[in-house]
Amino acid sequence: MNSASLSLAEMAQHLRETFLQRSFGAIRFWRFAVVRPHDQAFRLTEIREAGDRLELVLCHDSGEGQPGVLSLWSPTGVAVTPQGLTVQQAERLRLDDNEAWTAGENYGIRTPRGEGAFPINGAPALTLEI
Amino acid sequence: MKRFALATLTLALAASVQALELPPQLQGKAVVLDASQPDYGRAMVQNAVKPAGMGGVSEALVVRITEDIPVYRMWNGPDKRDARGNTNRLGGWWAYDAPVGSVGQYRSNYEICQTWNDLTWVAKCTLKAGAVVAIGPGQSVSAETCGDPTGKENYPANARDWQTFVDKPWARGSELSCPPDSADYRANPDDISKPLN
């Protein structure tokens, strides 16, 4: 399957078939670790399309608490491997108070601590590491 | 190619395990497991060991605890919940050494980014005899991993203060026992071994 050419609907269906309910412990927007890697763990419980946006609904691995939504705008290049899920490119990503976006050769981030940019240097826009 | 990379990683992990020794604090309280032993996989050491700049530990021993030991974790306290309504009292990263010094020293010693944890409260739990966990020296954390564009927030690797990795502790009640959070204390930021008055 050439994942780069998948439509959003096809990408969502591919993820439903391959990554739903898989536990993962690291969430990275490019190389920024949104949460401390493998301190907590999460599962995707639902995958939705909304216009040009893919919404990954995640819950804590323990089942405690409410679901959250990790949003990706215009994602391309999805891959699921034994190590986890990567999305090679996205215009923008958001989870809670953390946001990142493509800005030419760089990616920008906004966190509760502030805003700035780092070079992309080939990193995938999103990594969910098992 | 993937098989070669996996074999290389396995050899690297095995080599690093041979280079480490059980720390004095755990002598007589834990035994080292090697990768051929059936319980080894329970430690999920592959989730603990990370490349430079990415946190976790730089190398690890997998150990079986043979005598109950206290383990400590700093967290955000009972009043701070994430967007999903959960606290971070339980998590994968612990220390078998009781917290000492200032909160800033602790953050640096254990390589914990500000966005990851406020480090305001201390929980003391018991790692039970029979638990299988990974321990090792802390790996460095880069400013990019922390999400600090100024480059100021980064932490070097620390061979002195080892971390204890308990994979998914919420599912391991027989291995990690915690009292109610009313037993925890809000730490004095200047001396986290003591409660804030």
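Coordinate-derived values only; no laboratory data. Predicted model, so just to flag it, every value in this text is computed and none were measured. Glycine also receives a Cβ, built like all others from the backbone with ideal geometry; neighbour counts cover every protein chain displayed.
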- Within the stretch B:114-197, DSSP-loop trypsin sites (Lys or Arg not before Pro) with at most 16 other C-beta atoms within 10 Å are B:K128, B:K152
- Message: With the crude spin-label approximation of a point 7 Å out along Cα→Cβ, what separation in nm comes out for B:T66 versus B:A157?
- Response: 2.9
- Per residue of B:147-153, count partner chain C-beta atoms within 10 Å of its C-beta, then hand back the mean as an integer. 6
- Measure out, as a whole number of angstrom, how far apart the alpha-carbon centroids of the stretch A:11-39 and the stretch B:51-90 sit. 19
- Message: Using only alpha-carbon positions, what ratio does the radius of gyration of the protein assembly as shown give when scaled by 2.2 N^0.38 Å?
- Response: 1.00
- Note on the structure: Rounded to the nearest 0.05, FRET efficiency between B:Q37 and A:V69 (Cβ-Cβ, R0 51 Å) equals 0.80
- Expressed as a whole number, the average count of other chain Cβ atoms within 10 Å around the Cβ atoms of A:25-37 is 6
- Quote to one decimal, in nm, the extra length available between B:N197 and B:K29 on full extension: 0.36 nm per residue of separation minus the C-alpha distance between them. 57.1 nm
- Item | Neighbour-limited loop hits for trypsin sites (Lys or Arg not before Pro), the stretch B:47-80 (at most 16 other Cβ within 10 Å; DSSP other than H, G, I, E, B) | B:K80
- Query: Short version: ³J(HN,Hα) in whole Hz for each residue of the stretch B:184-192, in order, from phi by Karplus 6.51 cos²θ - 1.76 cosθ + 1.60 (θ = phi - 60°), x for Gly and Pro, what are they?
  - Reply: 6, 10, 6, 7, 6, x, 8, 8, 6
- With the label point 7 Å along the Cα-to-beta-carbon line of B:A83 and a cut-off under 17 Å to each amide N, the hits in the stretch A:52-68 are A:53-61, A:65-68
- Query: In debye, nearest 20: dipole of chain B around its Cα centre with unit charges on the Cβ of K, R (+) and D, E (-)?
  - Reply: 420
- Per the charge dipole of the stretch A:1-76 (beta-carbon charges, Lys/Arg positive, Asp/Glu negative, Cα centre), the residue among A:Q40, A:L54, A:G68 reaching farthest to the positive end is A:Q40
- Once you've got the GNM for chain B with C-alpha springs shorter than 10 Å, pick whichever of B:G92, B:G55, B:G151 has the biggest mean-square fluctuation. B:G151
- Hydrodynamic calc, chain A: Kirkwood Rh from Cα pairs, then Stokes-Einstein at 37 °C with viscosity 0.692 mPa s, so D in µm² s⁻¹ is 224
- Taking 7 Å along the Cα-to-C-beta vector as the label spot, tell me the B:K128-A:N121 distance in nanometres, rounded to one decimal. 4.5
- Message: Given a Förster distance of 41 Å, report the FRET efficiency between A:R22 and B:S102 from their Cβ-Cβ distance, rounded to the nearest 0.05.
- Response: 0.55
- With the stretch B:55-125 reduced to its Cα atoms and the Debye formula applied, log10 I(q)/I(0) at q = 0.24, 0.25 1/Å amounts to -1.23, -1.29
- By the C-alpha gyration tensor axes a ≥ b ≥ c (rounded if a/c is under 1.5, else prolate when a/b exceeds b/c, else oblate), the shape of chain B is oblate
- Item | Choice from A:E46, A:E99, A:E64 showing the highest fluctuation, given a GNM over chain A with Cα pairs closer than 10 Å | A:E64
- Query: Given only helices, namely DSSP H runs of n ≥ 4 each adding -39500 (n - 2.57), what is the per-residue ellipticity at 222 nm of the protein assembly as shown, to the nearest 500 deg cm²/dmol?
  - Reply: -4000 deg cm²/dmol
- Query: Considering every Cα-Cα pair within the stretch B:153-197, what fraction, in whole percent, is farther apart than 13 Å?
  - Reply: 74
- Note on the structure: Comparing A:R22, A:R92, A:R36 in a Gaussian network model of chain A (Cα, 10 Å), the one with the largest mean-square fluctuation is A:R36
